[in-house]
Amino acid sequence: MLGLKLPTDPRWVNLAEKDLVDILTDHAYCEQKAATYCISLIQRFPEKFELVRELAPIVTEEWGHFRMVLKELDKRNLKLGYQRKDEYVNKLRAFVKTGGSRDDQLLEHLLVCALIEARSCERFRLLSLHIAEEDLKEFYHKFMVSEAGHYRLFIDLAKTYCGEEKVKIRWQEYLAHEAEILKNMELRGDRMH
């Protein structure tokens with residue numbers, strides 16, 4: 001369903017569960033950044049009524065996810081660490097075409113969001129299936145379902161504003177680029193991406 005060209009190395013789950021504070025911290029900040037980015041899209045494209053209407057509840061949902069991860073940290077007597085640079089997201093954003101029409105710019109932003117959500121969904125699925133702790137399997141399953149919906153929403157919004165064919169072509173370019181990013185990145189268990 002997600003169309004990702006390169007699956008996550010299965011060893012990632014083993015690395016992630018070795019130090020839960022790091023993966024939970026990174027997860028928390030990913031949720032916080034997702035909420036913030038949806039706000040920035042609303043501010044940047046207020047004339048896109050459907051986008052505003054659809055993203056407003058996502059802001060609330062993502063912030064709720066941030067709070068859920070904080071609660072999980074608290075439950076384990078762990079403290080939220082510091083935010084780190086997200087090499088994966090920065091490399092995706094470097095692929096964004098600049099210029100063009102407002103709809104062209106919107107397409108780029110929506111596809112970056114869709115790809116981040118797709119990769120997050122794939123990784124939450126791996127955690128929900130393979131992490132040793134049963135409580136965390138259920139915890140991550142909820143996030144997997146949510147991210148799948150967000151991925152679809154961003155793709156659907158892109159099609160609404162930019163047309164299905166244009167989205168299809170550019171989405172394939174993003175998927176190929178994302179696979180190259182992952183191929184050349186060190187496998188780390190302290191990051192969601």
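Is it true that some residue in the range 44-63 is within 30 Å of Ala176 (Cβ to Cβ), assigned to a loop (DSSP other than H, G, I, E, B) and charged (D, E, K, R)?
Among the residues of the range 44-63, at least one is within 30 Å of Ala176 (Cβ to Cβ), assigned to a loop (DSSP other than H, G, I, E, B) and charged (D, E, K, R), which makes the answer yes.
Quick check: anything in the range 167-175 in contact with a Gly (Cβ under 7 Å, 6 or more places away or on another chain), of a type in the set (A, V, I, L, M, F, W, C) and more than 26 Å from Leu73 (Cα to Cα)?
Yes.
Conditions tested, residue by residue: (1) of a type in the set (Phe, Trp, Tyr); (2) crowded, with 19+ Cβ neighbours inside 10 Å; (3) over 25 Å from Met68 (Cα atoms).
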site: Leu4; (1), (2), (3): no, no, yes
site: Glu17; (1), (2), (3): no, no, no
site: Val21; (1), (2), (3): no, no, no
site: Ala28; (1), (2), (3): no, yes, no
site: Ala34; (1), (2), (3): no, yes, no
site: Ile39; (1), (2), (3): no, no, no
site: Pro46; (1), (2), (3): no, no, yes
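Sort out which residues of the range 132-173 are of a type in the set (A, V, I, L, M, F, W, C), in a helix (DSSP H, G or I) and either modelled with pLDDT under 95 or over 12 Å from the mean Cα position of the chain (by Cα) (or both), and write them in order of number.
Leu136, Phe139, Val145, Leu153, Ile155, Leu157, Ala158, Cys162, Val167, Ile169, Trp171
Of all residues in the range 77-89, count the ones that are surrounded by 13 or more Cβ atoms within 10 Å (Cβ to Cβ) and either in contact with a helix residue (DSSP H, G or I) (Cβ under 8 Å, 6 or more places away or on another chain) or of a type in the set (Lys, Arg) (or both).
Going through the range 77-89 one residue at a time, the tally reaches 7.
Does the range 3-11 include one or more residues that are on the phi < 0 side of the Ramachandran plot and small (Gly, Ala, Ser)?
Looking through the range 3-11, none of the residues is on the phi < 0 side of the Ramachandran plot and small (Gly, Ala, Ser).
When only residues in the range 75-124 that are basic (Lys, Arg) and touching a residue at least 60 places away in the same chain (Cβ under 8 Å) count, which is farthest from Lys18 (Cα to Cα)?
Lys91
Might you check whether a residue that is crowded, with 17+ Cβ neighbours inside 10 Å, under 29 Å from Glu165 (Cα atoms) and among the charged types (D, E, K, R) occurs anywhere in the range 90-109?
Scanning the range 90-109 turns up at least one residue that is crowded, with 17+ Cβ neighbours inside 10 Å, under 29 Å from Glu165 (Cα atoms) and among the charged types (D, E, K, R).
May I ask you to list the residues in the range 58-82 that are of a type in the set (Ser, Thr, Tyr) and within 16 Å of the chain's Cα centre (by Cα)?
Answer for the range 58-82, where residues must be of a type in the set (Ser, Thr, Tyr) and within 16 Å of the chain's Cα centre (by Cα): just Thr60.
Would you check which residues across the range 1-16 are charged (D, E, K, R) and assigned to a loop (DSSP other than H, G, I, E, B) and list them?
Selection gives Lys5, Asp9.
The values are calculated or read from the model by the stated rules, or taken from the named source; none is laboratory data. No experiment lies behind these values; they were computed from the predicted model shown. Cβ coordinates were reconstructed from backbone atoms using ideal geometry, including for glycine residues, and neighbour counts include every protein chain displayed.
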